[in-house]
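Contents: one structure, followed by commentary.
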Amino acid sequence: MPSVYLSPSLQEFNPVIIGGNEEYYMNLIADAMIPYLEASGISYSRNNPNETLSQAIERSNAGNYDLHLALHSNSSPEYLAGTLQGPDVYYYEYSQPSRAAADIIAANLESIYPNPDLVTVIPSVTLAELRRTTAPAVLLEVAYHDNYEDAQWIADNINAIGRNLVLSLTEYFGIPFVDPYAPIGQ
């Protein structure tokens, strides 16, 4: 059974333009993923919203996970506040499994994000959740929380994003995707 460590944002100090904060929305997405993970046979653990990033990384590294998936929303630099849009899928530059997972996640996000051309895959060696985790890791910036359209898209598509991410995980692990909400016989 493949396993994933879910690491939704611990950044409750990042306000979302439509209300709430980054930590709140990313935990909603992680919550939405759980029925799909369980139905598809993927075991999981997740960080504790009261811990630090270092503690979350330590917990991830203490387990035997096949992938570390960090869930975040993005914000534009101050001089571009509210203008940038789209998901950014970061992977650790020197990890082929990390790159493979990022490519699958990005390709699937293109099917649900309103402007697929804005979905980008970005290598990194600086982000702690990519650099310091033992398991291959992907850090997903779902969309920009300082952009009204992106923030509203996140809020309106929590379940669709969660479903899409688990679909991506099943593709990455090479196992069937099972939708627990599909009518019986489908």
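The values are calculated or read from the model by the stated rules, or taken from the named source; none is laboratory data. Fair warning: this is a prediction, and the values are worked out from it, not measured in the lab. Every residue, glycine among them, receives a Cβ derived from its backbone with ideal geometry; neighbour counts consider all protein chains shown. For the accessible areas, the whole protein counts, side chains as well, though only heavy atoms, and no ligand, DNA or RNA atoms are used. Shrake-Rupley method; radii C 1.70, N 1.55, O 1.52, S 1.80 Å.
Here are some notes:
- Each other residue within a Cβ distance under 14 Å of THR170 adds +1 if Lys or Arg and -1 if Asp or Glu, for a net charge of -3.
- The chain: relative contact order in percent, alpha carbon pairs under 8 Å with at least 6 residues between: 30 percent
- Each Lys or Arg adds one and each Asp or Glu subtracts one; over the other residues with Cβ under 14 Å from the Cβ of ARG59, this totals -1.
- For the chain, calculated [θ]222 nm from helices alone, where every DSSP H run of n ≥ 4 adds -39500 (n - 2.57): -12000 deg cm²/dmol
- Heavy-atom accessible surface of region 89-186, averaged per residue, reaches 47 Å², computed with a 1.4 Å probe.
- Formal net charge of residues neighbouring TYR44 (Cβ-Cβ distance under 12 Å; K, R +1; D, E -1): -2
- The chain: DSSP helices with Cα axial extent of at least 15 Å and average Kyte-Doolittle hydropathy no lower than -0.5: 22-40, 96-109, 158-173
- Carbon-plus-sulfur accessible fraction, region 17-57 (probe radius 1.4 Å, protein heavy atoms only): 50%.
- Farthest positive-ward along region 1-153 dipole, Cα basis, beta-carbon charges - from VAL121, GLY63, GLY86: GLY63
- Dividing the radius of gyration of the alpha carbons in region 1-61 by their Kirkwood radius gives 1.02 for Rg/Rh.
- Here the extension length gained between GLU58 and VAL178 equals 40.1 nm, from 0.36 nm per residue of separation less the Cα-Cα distance.
- Chymotrypsin sites (Phe, Trp or Tyr not before Pro) within region 3-39, DSSP loop, no more than 15 other Cβ atoms inside 10 Å: PHE13
- Rounded Å value of the spacing that divides the Cα centres of region 125-183 and region 1-65: 10 Å
- With the convex hull drawn around the C-alpha atoms of region 37-186, the volume per residue stands at 128 Å³.
- For ARG163, the solvent-accessible surface computed with a 1.4 Å probe is close to 90 Å², ligands and nucleic acids excluded.
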